[in-house]
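Have a look at the structure below before the remarks.
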Amino acid sequence: MPLLTVENLKAGYGKLQILHGVSLNISRGEILSVIGPNGSGKSTLLKSIFGLTTIFDGKISFKGEDITRKKPHEKARMGIAYLPQTDNLFTKLKVKENMLLAGYTLSESEYQERLKEALEFLPQVKEFWERKVWTLSGGERQMVSIAMAVLRKPELYMLDEPTAALAPKIARTILEKIVQLRDTFGAAIILVEQNAKAALKISDNALLLVAGKSVFQGSSSELLRDKELAQMYLGVK
Amino acid sequence: MIDILRIIVDFTAFYSIYLMLSVSLNLEYGYTGIPNFGKVMFFAGGAFTVGAIAGRMLAPLAGIDLSKLDYCMKNVYVGSLVSRYLAQHAGLALAVFIALVIAGSLVGAFLGWLASYPSIRLREDYLGMTLVVSGELLRIVSLNYDPLICGTFGAKTPNPFSFLSGFAMDVTRSAFMFTIAMLTWLIVGRLVKSPFGRLLKAIRDEEEAAEALGKDVVKVRMKVLMLGSAIAGAAGALYAFYLGIVHPSDYAPLRTFIVWVMVIIGGAGNNLGAAVGALIYLFVDRTLAIAKTYMPALPFDLNYLTYVFLGIILILVLIFKPEGLIPESLEVREEIREEASQ
Amino acid sequence: MFSIEVIIDAITFSNLIIALAIGLTLTYMTLKVPNFAHGDTAVIGIYTAYTLTIMLGIHPYASMPIAFLLGGALSIITYILVYRVIGQKGGSITTLMIASIAVEVIIRSSLHIYADIMPKITSTFFRGFTFSKYDFSISIGEATLPGVLIVSTLTITGIVVSLYLFLTRTKFGTAMRATIENPSLASTLGVDVEKVYLVSWFLAGGLAALSGIFLAFQIPSDPESGWGLLLRVFAASVLGGLDNIFGAVLGGAVIGFSEILGIYLLSKPPIGLSPAYRPAIPYLMFILVLLFAPKGITSINLKKLIGGEEKK
C-alpha cells in the first residue's frame, strides 16, 4: 500500500485556485520528483499536502488515514517532514541549537540516539556545530535543515527546491544525500525541483505539473525517454 | 428656558472642537492608516499659539507697556484689559480671531511635519512611538519654558467676542466655531470622495501596489499628517479662545485617547462616522459634567472612572466591531480596488 | 568631572531603565507591538510596595517579590484578554497599538482612583511619596552609597545573568529564542508558542514592577509617573534594537547614563538648563537613532561584521 495518496486535489490560496485535480501516490523507499515550469503549482502541491493552503476538493491519505483536514503540526507529528525553500532554519541560533529544537519533543536519551544517527548521516554538520546559522553558506544551511529533518525520523520527506541557488557541485552533494535518505532509511521523498534533469536522474518516479494539472505520471526513465515532453518542458534537445 | 439654550450653545461649542479633532484623526488614521498617537500635541500647538501670542500681541494696543511688567504674573490683568479694548473694536477683534486660528493651524501643520519627519518612512510602530513621546516633550517644554505660556501659571487669552455680552456673545461665539467646524467637515468630506481620497485608502490598504503605481507614499502620508495637524491646531486655537485660558496640564495624552475613542466608535474611514463618534462622546462628556454637580460626593474623581469605561469600551469595539458604528461602505472598497489596479 | 553622587544616580537610574527595556523588547518580540502600558506596570509595582508598606509595615525591598508577581500577573491578563484576542482576529499592528493605549488609560485611571480612595482609608497621602526614607546606606571610605544603588544593581545584574543563562543554556529558553525568530517553524517542531508568549509577558510585567520600586526611591511617585517612563524605555529599546534583549540592556545603560550625566553637565553654567528638561535628552537620542540607525546600534555592529564574513 502506498505511504501517501493524493486524490484529485484542488487547492490554492484564498479564492485563487492553483491545483486543478492532481493525484499521486508514493511508497516507502521511493523518490518522486515533481517538475514543471514556473508557476505550475509544484510548491503549492507540497504546501497543500502539508496543510498550509486552502483545500477546495480532493483527498489526502497517509498510512491509510485521511489527513486532508489535519493541521500542519499534526501532520508533522505523524511523520511528514516538510522542508520549505526558505524559512526552515533559525538563522539567529547556533547549529546545535537548531538541532536541539528539531528534537524538541524527544526525551533526552532519544535525542542523543537520534542525534548520533543524524550526524553519522551528515557528518559535515559537526564542522559548524557551534556556528550561528546566518554565517553558513547556502549549501551548509541545506545540510543543517536536512539533518534537522532526519532527526525527526519522518517517513515522508517533502523537499521544496533544496538545490535552489546552490553551486552545481554542492547541489550534487545534496542530491546524493537525498538518495542516501532513501537507501539508508527507506524514506519516501517527494522532491520539487527546478532542475528537472538532475531530479529525474535520481528519482524513481516523476510527476510533471503544468498549470496545476498533471501532464505526466510514471517512472522517471520513461519521462526522460519521451522526446516530446522532454523538449517542451525539460529544456532537453 | 435660558438654561436649556445655554446648554445647547455650550454643546455646540464643544462639538465644534470634537468634530474637528475627530475629522482630523479620521483623515489620518481612518483614510490613510497613520497611527497618530500624538494628536494632543498638535491640538496644543494651536492652543499655545493663541496663548503665547494673543495677549502679548494686543497688549500695546490696549495701552500696556510689556517691558514694564512681568507678563506672566500679570497676564490675567493684561488679558482683561485687552478684552476690554477689543470690545470697542469688533472688526479688529474678529480679524485677530481668524488670524490666530489660521496661525494655530499653521503651527499645527509645522509640528506635524517636524514630529513625523524622523519616522514617517519607518514602520507604523516607530511612528506611533515617535508621536507619543513627542507629545510628552511638548508638554514638558510648555510647563517649564515660561515665555511660551507662562509655565504653570497658564496664559489668559483675550475674548474676541467681547463686543457682545451675555447670551448674545455665547451664541455668536458658538456660531463662529460651529461654522468653522462644519466647513472643515464638509471640505474634508469632499476631499475624501475625490481621487485623492481613494489614493489615501489605496495607500492604507495596499501600500506596495500604490508604490508600484509610482505614488510617493511617504510624501502623501506627510501631507495628510500635516493637514490633519493643521485642523487639530485650528481646533486648539478655537479651544483656547473659548476657554479663556491656556494651561499646559489641560493638554494631556488623555485627549489623544479620547479622539481615538471618537473615531473608532464612530467608525474609522468615513467622514460621517467621525461626526457621529464626536457626537457620542460629546453627550457622554457633557452629561457627566452636568451629572457631577448633582451627584453625591464620591471618594474619587468621577472622570477617572469614565476613562476606565471608555478604555474598556474601546477595547470591546476593537475586538467585536472594529469597523465602528458606521462602517466604511463596501462600494467604496470596490472603488479602491479599481483604482489600485488601474 | 562627575561627582560620586551623580554616578550613583546614573547607575541606579540605568538599572531601572534596563529592567524596563528588557521587558518592552520581550513583549515587542512576541507581537511586534510596543506596549504603551509598560510604564504604568512599573507604577503598579510602586503602589503595591507602598500599600504593603503603609498597611502592613513591610519594607519596599521585601515587597519586591510580591510586586514582581503582581506586575507579571497584570501583564499576562492584558495579554490574554486584549492582545492575544485581537492578534488572533488578525488585528493589524496599529489596532494592537490602539488597544495598548486603551489598556494604558485603563491602568493609569484605575491607579488614580486607587490613589484617591486609599488616603481616605489609611489617612496617608498616596501621591508624591518616595521610598527614600526607608532606604539604608553604606559608607565606604568617604562615599555614602544608598541602599537602592546596591539593591538595584544586584537585582538587575542577577536578572540579566539569569536571563542570559536561561535563554542560552536551557531547552525552553532556546525554544523561546527560536519562537521569537520564527514562531511557525517553532510550532511545527512542537514548541508551545503560547507558553513562550505567556512567559515573555509575565517576565516583562514583573521586571517593570521591580523597576518601579527602584524609581520610587529616587523621585516622588504618582499615577502619572509611568507615562514619563515610556519615553526612556522606547528610546532604550529602539537604541538597542527591538529584536535584541542584549541590545535592551545596552540601550538601557546608554539612555540612563546619558540622561543623568547629560542633565548634570547641561544644568551647570554656562548653559544652566533647568533639570526639568531632563526628558529632552532621551528624546533627542531617540530621534537620532530613528534618523540614523532605526534598527538599533546593535544592527550597525552586525553589518560591519558581516561585511567580509557572510558567504553565499
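Since every read-out is calculated from the coordinates, none of them should be taken as a lab result. None of the values given here were measured: they were computed from a predicted structure. Note that each Cβ is placed from the backbone with ideal geometry, even for glycine, and that neighbours are counted across all protein chains shown.
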For the protein assembly as shown, rounded, prolate or oblate, judged on the Cα gyration tensor with a ≥ b ≥ c (square roots of eigenvalues), a/c < 1.5 rounded, else prolate if a/b > b/c? prolate
Along region B:126-133, Karplus-curve 3J(HN,Hα) (6.51, -1.76, 1.60; θ = phi - 60°) to the nearest Hz, with x for Gly and Pro, reads 5, 5, x, 4, 4, 5, 4, 6
Whole-Å distance, taken between Cα centres, linking region B:1-31 and region C:55-112: 33 Å
Whole-Å distance, taken between Cα centres, linking region A:49-69 and region B:103-162: 58 Å
From the phi angles alone, apply the Karplus equation (6.51, -1.76, 1.60; θ = phi - 60°) to region C:89-97 and give each ³J(HN,Hα) in whole Hz, x where the residue is Gly or Pro. 7, x, x, 6, 4, 5, 4, 4, 5
Using Cα springs under 10 Å in a Gaussian network model of chain B, which residue among B:Gly112, B:Gly104, B:Gly151 shows the largest mean-square fluctuation? B:Gly151
Going by how many other Cβ atoms sit within 10 Å of their own, how do C:Arg108, B:Arg84 line up, fewest first? B:Arg84, C:Arg108
Between the helical axis of B:330-341 and the dominant principal axis of chain B, each derived from Cα atoms, what acute angle in degrees is found, rounded to the nearest 10? 70 degrees
Give me the distance in nm between label points sitting 7 Å out from Cα along the Cα-to-Cβ direction at A:Glu74 and C:Thr170, one decimal. 3.2 nm
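Report, as an integer, the average count of C-beta atoms from other chains found within 10 Å of each Cβ along B:302-312. The partial results should precede the final answer.
Values: counts 1, 3, 11, 4, 1, 8, 8, 2, 4, 11, 4.
Mean partner-chain Cβ count within 10 Å for B:302-312: 5.
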Out of C:Glu194, C:Glu104, C:Glu259, any idea which swings most in a Gaussian network model of chain C, alpha carbons joined below 10 Å? C:Glu194
At a Förster distance of 45 Å, what's the computed FRET efficiency of B:Met182 paired with C:Thr124, Cβ-Cβ distance as r, to 0.05? 0.30
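Averaged over C:283-289, how many beta carbons belonging to a partner chain fall within 10 Å of each residue's beta carbon?
Per residue, the average neighbour count from other chains is 4.
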Rounded to the nearest 10 degrees, what's the angle between the helix B:2-25 long axis and the longest principal axis of chain B, both from Cα atoms, 0 to 90? 50 degrees
Alpha-carbon radius of gyration plus Dmax, which is the widest Cα pair, for region B:2-251 in Å: 19.4, 62
What is region C:1-125 by shape, rounded, prolate or oblate, if you read a ≥ b ≥ c off the alpha carbon gyration tensor as root eigenvalues and call it rounded for a/c under 1.5, prolate for a/b larger than b/c, and oblate otherwise? oblate
Considering amide H positions built from the backbone, and no H for Pro or chain starts, which residues 5 or more places from A:Val210, or on another chain, come under 5 Å of its amide H? A:Val215
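Kindly state, as a whole number, the per residue volume in cubic angstrom of the convex hull around the alpha carbon atoms of region A:33-140. Provide the component values of the computation, followed by the final result.
Working: hull volume 16.3 nm³, N = 108.
Cα convex hull per residue, to the nearest whole number: 151 Å³.
With both partners inside the protein assembly as shown, how many of the DSSP beta bridges are antiparallel, as a percent to the nearest 5?
On the way: 31 of 48 bridges.
Taking every DSSP beta bridge within the protein assembly as shown, about 65 percent pair in antiparallel fashion.
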In straight Cα distance, which lysines are under 17 Å from A:Lys126, not counting same-chain residues fewer than 8 positions off? A:Lys94, A:Lys96, A:Lys116, A:Lys177
Cα centroid separation - region C:159-188 against region B:239-302, whole Å: 45 Å
Peptide-level mean, for B:121-132, of C-beta atoms on other protein chains within 10 Å: 6
With both partners inside chain A, how many of the DSSP beta bridges are antiparallel, as a percent to the nearest 5? 60 percent
The number of Lys pairs in chain C whose alpha carbons lie under 21 Å apart, excluding pairs fewer than 8 residues apart on one chain, is 10
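I need the Kirkwood Rh of region C:4-222: take the reciprocal of the average 1/r across all distinct C-alpha pairs and report it in angstrom. Don't skip to the end; give the middle numbers.
On the way: mean 1/r = 0.0545 Å⁻¹.
Result for region C:4-222, one decimal place: 18.3 Å.
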With springs only between Cα atoms under 10 Å apart, run a GNM on chain A and tell me which of A:Arg114, A:Arg225, A:Arg141 wobbles the most. A:Arg225
How big, on average over all directions, is the shadow cast by the Cα convex hull of region A:1-55, in nm²? 3.9 nm²
Partner lysines for B:Lys201 [C-alpha distance under 18 Å; skip if fewer than 8 residues away on the same chain]: B:Lys193, B:Lys215, B:Lys219, B:Lys223
Less than 19 Å apart at the alpha-carbon level, and either on another chain or at least 8 residues along: which aspartates and glutamates does that give for A:Lys197? A:Glu30, A:Asp160, A:Glu161, A:Glu176, A:Glu222, A:Asp226, A:Glu228
Karplus-derived HN-Hα couplings along region B:198-206 (A = 6.51, B = -1.76, C = 1.60, θ = phi - 60°), whole Hz, x at Gly and Pro: 5, 4, 4, 5, 4, 5, 5, 8, 10
Peptides ranked, highest mean first, by Cβ atoms within 10 Å: ranges B:160-168, B:14-22, A:105-113: B:14-22, B:160-168, A:105-113
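Over region A:97-183, what portion of Cα pair distances is larger than 20 Å, expressed as a whole percent?
32 percent
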